[in-house]
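Trainee: One structure is given below, represented as C-alpha cells, and several questions about it will come after.
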C-alpha cells in the first residue's frame, strides 16, 4: 500500500504540472498537518484519584506535583521535545480589530519549577491566572504527536474546575477518565463522564492504585457493569502507577506487566494515536481527492475537445455555466453562505436568550434566598452558591453552543456539497466515458461513512495552529473566558465588608445584597455574551474561508479548462498530437492517484497492521 | 452547667398541656418527650464507600454491620442498647419482622431475610454493648451513590428541612473535601441557617477523615500524613463552619484490631518473622501479597489477613511485633491506638455523651418551635415566647452558639489572634471540656486576664455591636468559672 507521504508527493508532481499554486498550497498544508500532528489526550476525573501520578508514570518523570494534600489547580500539557523544557502560558490581550482571536503569552521556566505553578498550595484557585503550563520532554511515547493534558480534578470545592475542564474538552482528541480502585463510580462521576463524552467521544476509563486494593478486580467488574448500564461503551484499564515507577527503576518486566501500563500504553498507541493517524491519513486522502477533482475538471474537457472537435461549442457552453455556478458559490448570496450567516445569527440570539433566562432564574433564586435570611451573615454562602450556579449555567450554555455550531456546520457542509456537485454535474463532456463518476470522486470517501462535516473537520483540524475550528471556546481559551467571571467575585467580596461594617437595618442589607446579585448577573451576561459572539463570529469566518477557498479552486480549474478547451480549436496538428497523449497520460495518473487516496482514506486500517 | 435541659423538660410538659386534646400535635409533643428520655442519636454518614459501616463496627467493637468492596449498605440501620442481641426490620407500612441471627462465620450476623431494600423502612438492631447505653448509633447508606433511593434515605434522615431531624448529631466521614460532603452538611444545618438557632451550626458534627490508612500509598507513615491532612481540613473555613473538627481514622485497621482473632495474630507474627526482602516483595501490591509463593504463610491465611487489616495494617502490625508488641492483646491495643479510633471515641464521649442532654434539649427546642409555629392554638403564642426566652437565657447554649459563630464569622474589628483566644476559651469552657485535641503545652486560661480583656472589648464603642456582644458573653463566662471553680 502506498504511504501518505508518497501519495502527497505524487499529488505534488501533478499539481506542479498543472501549474496550480493554489492547489499546491492546499497540499502543503495537508503535508504539514500530517508530519506534525498534535493528538491531545485529556486526563480527567475527580480530584485525588491519581491523575497527576498517572501522567508522571506515563512519562516516567516527576513532572506534575503529587502528594497527600496536593491538588492540581492548573492544567499541565506534556508533549514531545528534543530537550526538557517548560513554559507558563497566559492569555494575552487580543490585537485591536481581532478581538475574537485568542492570543497567548509564553514565559519559559525551568522544568523542575512546574510543580510550583500548578498546585493548589502554590497557586490556589489559579490566582496567577495561568491558562496552562506546557512542558516538553524527549519521550518515545510522545514522539508520534501524543500530548498528555493533566487537568484539575472536578468534584472538589472549586466548582469552576468542572466548567473549565468541560469548556476545554472540545479540543481533546481523546479522554482518559481516571478513578481509583478504592470505590465504584459515584453518581457524580458518571454524570461528569456522560457529559464529557458528548464533547469528546473517544474515551477510556483508567482505574488507578490497583496495588493498594485487594478487591480491585471486583471494583473493575462493578464499574464495567455501571458503564454498560449507562450505555457508555469504553474500555476500562486497571493500572498501578506505583508499580510502574518501581518497575521502571528496577527494570522489572514482570512488575511492569502487573502495573497494567502496557495495556494503557497500547491503548494510547493503537486506539488514540493509531486512530488519529488513520484519521489524519483520511484527511490527507481527502485533500488529494479534492486536488484530483480539480485537475480532472481542468484537463478532461480539453481532451474531450481534441477528441471530438464538433462538441467544442457545447463543452464551452457547459463550462461557462459551470464556471458561473462556481462563481456563484463564492458569492455571499449562495445558499450555503446564507445558511451559514442566518444560522450564526440564530444561534447568537438563541444563546443570548437562553443565557439570560438561565442566569435571571439563578438571580431570582438568589433573591428569594436573600429574602429568607440575613445577607449580613449568609453572604458568603449566598455568593458561593451563586458562583456555583453561574458556572453551571455557563457550562450548559457552552455545551449547547458547541452542539448548535456542529449542527450548523453540518448543514452548511451539506448545502455546499450539493451545490458543488451540481456545478460539476452540469458539465457533460460527451463520450469521454465515466468522467462524471470520477469527477464526483469524493463519493468514494462517502462510502466509508465520512459525512460532509467530518470531512471538513478532519480536513481542517490543526490547520489553525492546532485549534479545532469548531471548538467554540477554542480550547484553553475557554479557561480564560471563565476568568473575567471569577474576577467579578471582587465586587461581592467588597460587598461583604461593606455589609459587615455598616450596621444597616436588615431591609437595607437585603436591598443592597440583591443589587449586588443583579449587578453580578448583568456583568456575567454582558461578558459571556460578548465572548460567545466573538467566538461564533470567528467560527463563522473559518467556515466561510474554508468553503470560499474550495469554490475558488474549482473556479480556477474551470476557467483554466475553458481557456485550453477554446485553444484546441486553433491548435495545430503537431500541438494536438503532442497534447492528446500527454493529457491521456496525466488523466490516467490522476486515476492512479485517486485510487491511492481511496485506499488510504478507506476503511481505517488498524495501525498495528499498517506498521507491520 | 445546669438549667437548659430541665427548663426544656418543663417546656415540653407545658406544650403537652397546650396541645391536650389536639391529637396530631399532641403526638408530636409526645415524640419529643420520648426522645428526651432516649440516648442521643448519632448517625454515621458520608459519601458512598467512605467506610461508614467499617467504622461503625470499630466503634461497636464487633463486626455487626455488613461491609464489602462494592456498595452494600442500602438501608438505614439503628443500633440501640438492649439486653440481648436482636435484629428486626421495619417495613414501609410500619410493620415489624424479626430477623434470625447467626453467629460465627465472621460475616455479619444478619441479612435482610430476602426482602428488597426498597421494601424496608429501616433495620433495628439491639446489642448489649456499653457504648450503646450512651449513644444510639445509626448506619446510613452513602450519599452520591448510583443507587439513588439509598442515598435519598440518608438525606431524608439527616436533613432538617420541613421536619424534625431524625438525629441529634453526626459523625461525618469524608475522604477528601468533596463538594457532595459540604452539600449534605449544609442540608443537616439547613434549618438552622435561617432561623434564630443558626449559630449552633457545626456544634454537633464531628468530621472524620476516613480510610486514613490509604493516604500516601499506604506507607508506614500514612497516619502521620493523615493527621496533617485532617488539620488542614479542620482549618478550611468551609469545613470549619460545618463541623467541629476533623479526626483521621483508619476504619479497616480499627475494625480489624478491635475484632482481632488468634489466627490473625499468628498470621501477623509469621509475616513479621520473614526476612525483609521477602516482606517487601509481598507488600509490593495487594495482589502480590495474596498471590506470591510463600511457604511459611499459606495464601488463604494471607488473603484473610489482608481482608481484615488491609495492606497498611499488615505492614504496621509486622513493624509493631518487631518493636515488642508481641502478644495478641498488646498488638490489638497498639493497632487500635494507631488507627485513630481512641481519639474518635474520646471525642464522642467528651462531646456528645457529656453534652448529650444539651444537644437533645436543643433538638427538642427546635422540634417544639416547629410544632408551635405549625399549630397555633390558645396558649401557643405564650409558649413560643417562652421557647425564645429559653434560647436567649441559657448561658450554656449561648456559649455553644457563640463558639459556632466565631468559627464561622470571626469577630469583625478584632485581629485573628483574639478570635483564636476566644475560641480556645469557649472550647475550654464547653461541656465536657471540649473534644478538640489539646495543643501541646496548652494550659488552662488565665481567667482574670481574659475577663479584663473581654470587658475592654465589650466597652469599646468603636467596635461593631456583634463583637461587643460576643465579648460580653465571654466576660460572663469568665466570671461564672471564677466564682464557681470547675471540676
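Trainee: On a 0 to 90° scale, report how tilted helix B:299-322 is relative to the longest principal axis of chain B, with both axes built from alpha carbons and the result rounded to the nearest 10.
Mentor: Compared with the principal axis, the helix lies near 70 degrees.
Trainee: What angle, in degrees between 0 and 90 and rounded to the nearest 10, separates the Cα long axis of helix B:465-483 from the longest principal axis of the Cα atoms of chain B?
Mentor: 80
Trainee: Sticking with this one: With runs of 4+ DSSP H residues as the only contributors, calculate the mean residue ellipticity of chain B at 222 nm using -39,500 (n - 2.57) per run, divided by the residue total and rounded to the nearest 500.
Mentor: Rounded to the nearest 500, it is -16500 deg cm²/dmol.
Trainee: I would also like to ask the following. For a quick check: sort B:279, B:153 by the number of other beta carbons within 10 angstrom, fewest at the front.
Mentor: Ordered from fewest to most neighbouring Cβ atoms within 10 Å, B:279, B:153 come out as B:279, B:153.
Trainee: To continue, here is another question. Taking each pair of distinct Cα atoms in chain B once, what is the resulting Kirkwood hydrodynamic radius in Å?
Mentor: Taking the inverse mean of 1/r over all distinct Cα pairs, chain B comes out at 24.3 Å.
Trainee: Follow-up. Treat region A:1-155 as a sphere of radius equal to its Kirkwood radius over Cα pairs and apply Stokes-Einstein at 4 °C in a medium of 1.567 mPa s; give the translational diffusion coefficient in µm²/s, rounded to a whole number.
Mentor: In µm²/s, the coefficient is 72.
Trainee: Hey, another quick one. Can you give me the C-alpha center-to-center distance between region A:168-196 and region B:278-330, rounded to a whole angstrom?
Mentor: Distance between centres, Cα-based: 34 Å.
Trainee: Assuming R0 = 51 Å, can you tell me the calculated FRET efficiency for the pair residue B:95 and residue A:128, based on Cβ-Cβ distance, to the nearest 0.05?
Mentor: In this case the efficiency is close to 0.25.
Trainee: Follow-up. Quick one: order A:299, A:582, A:385 by neighbouring beta-carbon count within 10 Å, fewest to most.
Mentor: So the residues, fewest neighbours to most, are A:582, A:385, A:299.
Trainee: Another one. Arrange A:549, A:254 by Cβ neighbour counts within 10 Å, fewest through most, would you?
Mentor: With the sparsest Cβ surroundings first, the list reads A:254, A:549.
Trainee: Quick one: length gained pulling residue B:34 to residue B:416 fully straight, 0.36 nm per residue minus the C-alpha distance?
Mentor: This chain segment gains 133.2 nm when fully extended.
Trainee: In addition: Rounded to two decimals, what is Rg over Rh for region B:254-339 when you use alpha-carbon atoms and the Kirkwood radius?
Mentor: For region B:254-339, the value is 0.92.
Trainee: Work out how much length residue A:411 to residue A:591 would gain on full extension: take 0.36 nm times their residue separation and subtract the Cα-Cα distance, in nm to one decimal.
Mentor: 61.8 nm
Trainee: I've got another one for you. When you look at the Cβ of every residue in B:68-77, what mean number of other chain Cβ atoms sits within 10 Å?
Mentor: Taking all residues of B:68-77 together, the mean is 3.
Trainee: Taking the alpha-carbon centroid of each part, what is the distance from region A:277-351 to region A:542-556 in angstrom?
Mentor: 8
Trainee: Shifting gears a bit: Taking chain B as the reference, fit the longest principal axis to its C-alpha atoms, fit the long axis of helix B:328-339 to the helix C-alpha atoms, and give the angle between the two in degrees, 0 to 90, nearest 10.
Mentor: Tilt of helix B:328-339: around 50 degrees.
Trainee: Let me understand region A:39-259 better: what is its radius of gyration from the alpha carbons, and its Dmax, in angstrom?
Mentor: 17.5, 60
Trainee: Also, I was wondering about something else. Suppose the Debye formula is applied to equal point scatterers at every Cα of region B:9-153; what is log10 I(q)/I(0) at q = 0.09, 0.11, 0.18, 0.21 Å⁻¹?
Mentor: For the requested q values the scattering log ratios are -0.33, -0.49, -1.09, -1.31.
Trainee: Can you tell me the length gained on complete extension of the stretch residue A:314 to residue A:262, counting 0.36 nm per residue apart and subtracting the Cα distance?
Mentor: Roughly 12.3 nm would be gained on extension.
Every number here is computed from the coordinates shown, using simple stated rules; none is lab data. Since this is a predicted model, take the numbers as computed values, not measurements. Cβ coordinates were reconstructed from backbone atoms using ideal geometry, including for glycine residues, and neighbour counts include every protein chain displayed.
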